[in-house]
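K.L.:
Dumping the structure here so I can ask a few things about it.
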């Protein structure tokens with residue numbers, strides 16, 4: 001161990017209480033940062049998962065522009081075979097074809113306009129959580145049966161129960177009148193009012209017959225194994241598309257631009273708060289180091305008159321701060337990781353969270369995402385900021401006049 | 001002071017002179033519209049027409065028969081193409097019912113759906129049902145009178161009253177002196193032209209001169225439109241009361 005290093009170590013323990021206080025500020029802010037960033041990343045992941053899971057999925061193959069215009073004529077031709085090709089090409093089973101149309105759905109005495117979706121009963125449960133959310137009855141199981149599953153809110157609005165018949169009235173792909181009578185085999189409860197109120201799912205083949213689709217559909221939903229693999233799967237799927245059909249693989253970000261925007265807005269406001277925290281800690285370090293330099297003015301004057309260069313002295317101060325910072329970093333990461341890990345297992349909640357969480361499709365308990373990023377980002381920034389804060393006390397030494405310095409009482 | 005008095009007196013006089021004139025202009029405008037509605041629908045009518053829905057890559061034509069009585073009741077029945085024959089809509093007051101022979105059911109159109117397209121066309125359900133509401137639910141102003149092909153054409157601005165259940169900010173009608181609506185433009189609340197109904201052909205039907213070909217197009221998408229061509233039309237005929245009933249909608253007797 002070099003002499004400077006040993007000297008720096010001894011110097012920071014000359015005032016143990018002051019050192020512990022400064023380190024404490026760092027440790028505290030590091031614990032807070034690790035915890036908050038983990039919570040944030042965790043809630044974003046859940047927000048994305050929960051929003052995409054019921055219907056949207058990670059990726060959708062559509063006719064170019066369908067996502068904006070939603071015209072029944074913007075189709076993916078021969079969609080079931082096409083979905084099978086994608087399934088084979090990607091080596092993923094979580095690929096399902098869908099058709100979608102607007103229709104009037106009417107019971108004995110009520111009528112509502114809803115989005116009717118034709119699904120492949122066999123594959124839909126692999127890309128969507130909706131089949132698992134059926135609370136009454138069952139999900140669709142026959143590809144061509146005149147059956148429908150609807151949301152609880154719609155069922156309430158229509159005043160219908162399991163087994164009742166509904167009349168559908170809409171326009172087919174060729175502009176002809178589309179009409180069908182279907183029986184309700186299942187009622188789902190997703191907890192998302194928009195979904196529970198205005199969606200109905202029926203088997204794809206029956207949908208195609210009803211809306212004169214001639215084998216076509218509107219989108220093929222693809223779920224990647226996890227969120228990080230989405231872009232890769234998107235590229236693979238894009239390569240599988242037949243040419244000259246104007247089909248596009250849309251990322252969930254294209255399909256639900258609001259979601260990413262909400263996350264970014266939240267992130268921006270959070271970073272502002274973290275910035276304030278980091279600056280406060282940096283000032284506390286600046287205060288400590290400036291004090292420790294000022295109280296040693298006489299001592300520094302003596303060693304400089306003995307021939308020590310201001311550069312080496314400045315280096316000493318930086319080294320002291322580095323040690324202080326590393327102490328804060330190590331303890332902060334350890335304790336922050338410990339606290340966060342406990343919540344990652346047990347979940348985090350506070351009174352009122354459940355009401356707020358519903359708006360963002362979140363459960364009433366948030367599980368922080370503890371990983372290298374959430375663990376390191378905050379503490380490393382605090383560490384760097386502390387070093388920056390030490391630049392001024394260290395730089396002061398360059399202007400120190402040994403003779404004057406020695407005369408300081 | 002004397003000058004002030006003179007000014008206010010002048011203002012008062014202007015007001016006195018202007019307001020009755022303004023009022024009667026409103027009355028005139030209202031009468032013109034009311035006459036045009038009356039001219040088009042008669043006390044009753046029976047007609048045969050073709051509706052063509054045009055899209056850039058696609059076109060579709062439907063033949064229909066229609067019956068109207070007064071200003072509130074109407075029945076429209078599709079006769080061609082074969083696979084759609086029998087589909088029908090009945091309107092009584094501002095309510096609308098649809099019948100589909102495929103499922104043999106009648107569905108009442110919920111009010112939330114009244115701005116949706118009627119039979120897949122560029123007309124909304126409201127366009128079809130609200131035939132004469134414009135007379136009483138709007139304030140009418142005669143903007144100008146212009147000469148066109150030997151006819152006088154009145155340009156009338158109609159602004160819905162506060163309590164009118166209407167999505168439009170204002171409507172502008174160009175009505176010829178023989179009660180034919182040449183153009184009907186719909187502006188939204190921000191005063192942007194959304195869609196307009198143009199009369200493309202004017203001819204004799206059932207003893208009256210009427211617009212025989214009308215085209216509804218959204219301003220933004222001029223290559224998407226719906227045309228209605230009147231093939232036959234009879235006016236002021238006897239119609240059975242039972243014509244405008246739900247049971248007749250379901251089981252046509254004519």
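K.L.:
Which condition number in (1) surrounded by fewer than 20 Cβ atoms within 10 Å (Cβ to Cβ); (2) in contact (Cβ under 8 Å) with a residue 40 or more places away in the chain; (3) within 14 Å of chain A (Cβ to nearest Cβ) is the one that residue B:122 fails?
P.N.:
Evaluating residue B:122 over (1) surrounded by fewer than 20 Cβ atoms within 10 Å (Cβ to Cβ); (2) in contact (Cβ under 8 Å) with a residue 40 or more places away in the chain; (3) within 14 Å of chain A (Cβ to nearest Cβ) leaves (1) as the failure.
K.L.:
Follow-up. Any idea how many residues of the stretch B:30-53 are surrounded by 17 or more Cβ atoms within 10 Å (Cβ to Cβ) and assigned to a strand (DSSP E or B)?
P.N.:
7
K.L.:
Six or more apart or on different chains, Cβ atoms under 8 Å: show the pairs whose first residue is in the stretch B:94-118 and facing another protein chain (nearest Cβ under 7 Å) and whose second is crowded, with 19+ Cβ neighbours inside 10 Å and in a loop (DSSP other than H, G, I, E, B).
P.N.:
Filtered contacts from the stretch B:94-118: B:98/B:87; B:98/B:109; B:100/B:87.
K.L.:
Is it true that residue A:61 is at pLDDT 85 or above, in contact with a strand residue (DSSP E or B) (Cβ under 6 Å, 6 or more places away or on another chain), crowded, with 20+ Cβ neighbours inside 10 Å and away from chain B (no Cβ under 14 Å)?
P.N.:
For residue A:61, the condition - at pLDDT 85 or above, in contact with a strand residue (DSSP E or B) (Cβ under 6 Å, 6 or more places away or on another chain), crowded, with 20+ Cβ neighbours inside 10 Å and away from chain B (no Cβ under 14 Å) - is met.
K.L.:
Please go through (1) in contact with a strand residue (DSSP E or B) (Cβ under 9 Å, 6 or more places away or on another chain); (2) surrounded by fewer than 23 Cβ atoms within 10 Å (Cβ to Cβ); (3) more than 14 Å from chain B (Cβ to nearest Cβ); (4) more than 29 Å from residue B:125 (Cα to Cα) for residue A:83 and return the number of the only condition it doesn't satisfy.
P.N.:
(2)
K.L.:
Looking at A:202, A:213, which is the one that is surrounded by 14 or more Cβ atoms within 10 Å (Cβ to Cβ) and assigned to a loop (DSSP other than H, G, I, E, B)?
P.N.:
Only one candidate passes the filter, namely A:213.
To keep it simple, each residue is scored yes or no on (1) out of contact with any helix residue (DSSP H, G or I) (no Cβ under 9 Å at 6 or more places or on another chain); (2) assigned to a helix (DSSP H, G or I); (3) in the same structural domain as residue A:38 (by TED's automatic domain parsing).
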| position | (1), (2), (3) |
| --- | --- |
| A:250 | no, no, no |
| A:266 | no, yes, yes |
| A:271 | yes, yes, yes |
| A:274 | no, yes, yes |
| A:288 | no, yes, yes |
| A:292 | no, yes, yes |
| A:300 | no, yes, yes |
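K.L.:
Let me ask something additional. When you go through (1) over 16 Å from the mean Cα position of the chain (by Cα); (2) surrounded by fewer than 22 Cβ atoms within 10 Å (Cβ to Cβ); (3) facing another protein chain (nearest Cβ under 9 Å) one by one for residue B:144, which number turns out not to apply?
P.N.:
Result: residue B:144 passes all but (3).
K.L.:
Going by the structure shown, is residue B:179 buried (at least 18 other Cβ atoms within 10 Å of the Cβ), more than 26 Å from residue A:102 (Cα to Cα) and in contact with a helix residue (DSSP H, G or I) (Cβ under 7 Å, 6 or more places away or on another chain)?
P.N.:
Against the criterion (buried (at least 18 other Cβ atoms within 10 Å of the Cβ), more than 26 Å from residue A:102 (Cα to Cα) and in contact with a helix residue (DSSP H, G or I) (Cβ under 7 Å, 6 or more places away or on another chain)), residue B:179 qualifies.
K.L.:
Let me ask you something else. Given (1) out of contact with any strand residue (DSSP E or B) (no Cβ under 7 Å at 6 or more places or on another chain); (2) within 14 Å of chain B (Cβ to nearest Cβ), where does residue A:153 come up short, assuming only one miss?
P.N.:
(2)
K.L.:
Return the residue satisfying two criteria in turn: it lies in the stretch A:164-184 and is in contact with a strand residue (DSSP E or B) (Cβ under 6 Å, 6 or more places away or on another chain) and in a loop (DSSP other than H, G, I, E, B), and of such residues it is nearest to the other protein chains (Cβ to nearest Cβ).
P.N.:
Selected residue: A:175.
K.L.:
Given the structure, is residue A:128 crowded, with 24+ Cβ neighbours inside 10 Å and either assigned by TED's automatic domain parsing to the domain that holds residue A:208 or under 24 Å from residue B:119 (Cα atoms) (or both)?
P.N.:
Yes; evaluated as a whole, the condition is true for this residue.
K.L.:
How many residues does the stretch B:203-221 contain that are in contact (Cβ under 8 Å) with a residue 24 or more places away in the chain and surrounded by 13 or more Cβ atoms within 10 Å (Cβ to Cβ)?
P.N.:
Matching residues across the stretch B:203-221 total 10.
K.L.:
Right, another one. Looking at the structure I just gave you, is residue A:191 more than 14 Å from chain B (Cβ to nearest Cβ), touching a residue at least 24 places away in the same chain (Cβ under 8 Å) and crowded, with 23+ Cβ neighbours inside 10 Å?
P.N.:
Judged against the criteria, residue A:191 is not a match.
K.L.:
Also, quick follow-up: Taking the condition closer than 26 Å to residue B:165 by Cα and in contact with a strand residue (DSSP E or B) (Cβ under 9 Å, 6 or more places away or on another chain), does residue B:102 pass?
P.N.:
In short, no.
K.L.:
Next up: Which condition does residue B:228 not pass, out of (1) assigned to a strand (DSSP E or B); (2) over 15 Å from residue B:183 (Cα atoms), if it passes all the others?
P.N.:
Checking residue B:228 against (1) assigned to a strand (DSSP E or B); (2) over 15 Å from residue B:183 (Cα atoms), the one that fails is (2).
K.L.:
Could you list all residues from the stretch B:126-138 that are surrounded by 15 or more Cβ atoms within 10 Å (Cβ to Cβ) and either over 11 Å from the mean Cα position of the chain (by Cα) or within 15 Å of residue B:171 (Cα to Cα) (or both)?
P.N.:
Across the stretch B:126-138, the qualifying residues are B:126, B:127, B:130, B:131, B:132, B:133, B:134, B:135, B:137, B:138.
K.L.:
Counting only residues that are more than 8 Å from chain A (Cβ to nearest Cβ) and part of a loop (DSSP other than H, G, I, E, B), which one in the stretch B:76-93 is surrounded by the fewest Cβ atoms within 10 Å (Cβ to Cβ)?
P.N.:
Looking at residues that are more than 8 Å from chain A (Cβ to nearest Cβ) and part of a loop (DSSP other than H, G, I, E, B), I get B:93.
The values are calculated or read from the model by the stated rules, or taken from the named source; none is laboratory data. Keep in mind that this is a model prediction, so the values were computed, not measured. With ideal geometry, Cβ positions are generated from the backbone for all residues, glycine too; neighbour counts draw on all protein chains shown.
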